[in-house]
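*Asks:* Input: one structure, supplied below.
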Amino acid sequence: PARTKFPRTSARPIREPAATSRIHRPPPSPEYPSAAAPSARLSAKTAGGVVVVRFRSGAGPAEAGRLRDVGVHVLGYVWRDGYLVSLPRQAGPDQPKVLGDCDLVAAIRPEWKVEPALAGLDPSQVVSQVPVVVHSTGITDSLRSAIGAAGGVVTGERVRPYAGRLGVVVPPALLSGFLKSVSGRDDVYAIAGGGGAHLLNDNASAILQSGS
């Protein structure tokens, strides 16, 4: 199928899945809320977390700019017409109004953060350490400690404004527990295999399609 053209935006696009058949279109439900579902909306006071937002007006430079103007950090674009963002711990006075113009403000579930190929990896078929990349809103001693406690060893770090990436190797036998533990942290928004970096898996993208 033809690839979807993303609107121009200063946010780094998240790669579209290779085939539309990989995108599930579940019915509106608390699992994959539509804009009309109460569970799809977060309190305007929500702060310090990573969420997916979608403006009624679509996605573009103006929408990304509005988010940045109120201190919301744009981490990436989510197909379709959504943004992956990090909310500041202390919301400014204009943040509720901007989020009020969104028809979707959805929290990210831990299972949505893990790349599907990594989640489905069979440890018995792996003979060496499993390389993963942990994407977070920042690199802290707390995150490093959590990775170590879950059995991972940090092999490298890269920091950029409001976000960071950690290269980690994990023993195959500990991979399942590692993914469950680390994906449950609020400061982690994605875990990908090797050097690949899908910020959200297909299920997370599906919340932007449900009911549409």
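*Asks:* Are there any pairs, at least 6 apart or on different chains, whose C-beta atoms fall under 9 Å, with the first in the range 82-109 and closer than 15 Å to GLY65 by Cβ and the second in a strand (DSSP E or B) and of a type in the set (Ser, Thr, Tyr), and if so, which?
*Replies:* TYR83/TYR77
*Asks:* If you don't mind, there's one more thing I want to ask. Collect the residues in the range 40-68 that are in contact with a Gly (Cβ under 9 Å, 6 or more places away or on another chain) and at pLDDT 85 or above, keeping them in residue-number order.
*Replies:* Of everything in the range 40-68, those that are in contact with a Gly (Cβ under 9 Å, 6 or more places away or on another chain) and at pLDDT 85 or above turn out to be VAL52, VAL53, ARG54, PHE55, ALA59.
*Asks:* Hey, could you check the range 180-198 for residues that are open to solvent by 10 Å² or more (accessible area, probe 1.4 Å) and within 11 Å of ARG165 (Cα to Cα) and say which is modelled with the lowest pLDDT?
*Replies:* Only one residue fits best here, namely ALA197.
*Asks:* Taking strands (runs of 3 or more DSSP E) that do not extend beyond the range 114-179, which have at least 1 residues that are free of Cβ contacts under 8 Å to residues at least 40 places away in the same chain and open to solvent by less than 50 Å² (accessible area, probe 1.4 Å)?
*Replies:* Filter on the range 114-179 gives 153-160, 163-170.
*Asks:* Taking only the range 69-93 into account, find how many residues are basic (Lys, Arg) and either within 14 Å of ALA190 (Cβ to Cβ) or touching a helix residue (DSSP H, G or I) at 6+ places or on another chain (Cβ under 9 Å) (or both).
*Replies:* Of the residues in that region, 1 qualify.
*Asks:* On to the next question. Select from the range 70-102 the residues that are surrounded by 16 or more Cβ atoms within 10 Å (Cβ to Cβ), outside any loop (DSSP other than H, G, I, E, B) and not small (Gly, Ala, Ser) and list them in ascending order.
*Replies:* HIS73, VAL74, LEU75, TYR77, VAL78, TYR83, LEU84, VAL85, GLN95, VAL98, LEU99, CYS102, listed by residue number.
*Asks:* Looking only at the range 49-68, count every residue that is free of Cβ contacts under 8 Å to residues at least 60 places away in the same chain and out of contact with any helix residue (DSSP H, G or I) (no Cβ under 8 Å at 6 or more places or on another chain) and tell me the total.
*Replies:* 11
The values are calculated or read from the model by the stated rules, or taken from the named source; none is laboratory data. Computed from a predicted model, the values in this text were never measured in an experiment. Cβ atoms come from the backbone with ideal geometry, glycine included; neighbour counts cover every protein chain shown. The accessibility values were calculated without ligands, DNA or RNA, using every heavy atom of the protein model including side chains. Shrake-Rupley method; radii C 1.70, N 1.55, O 1.52, S 1.80 Å.
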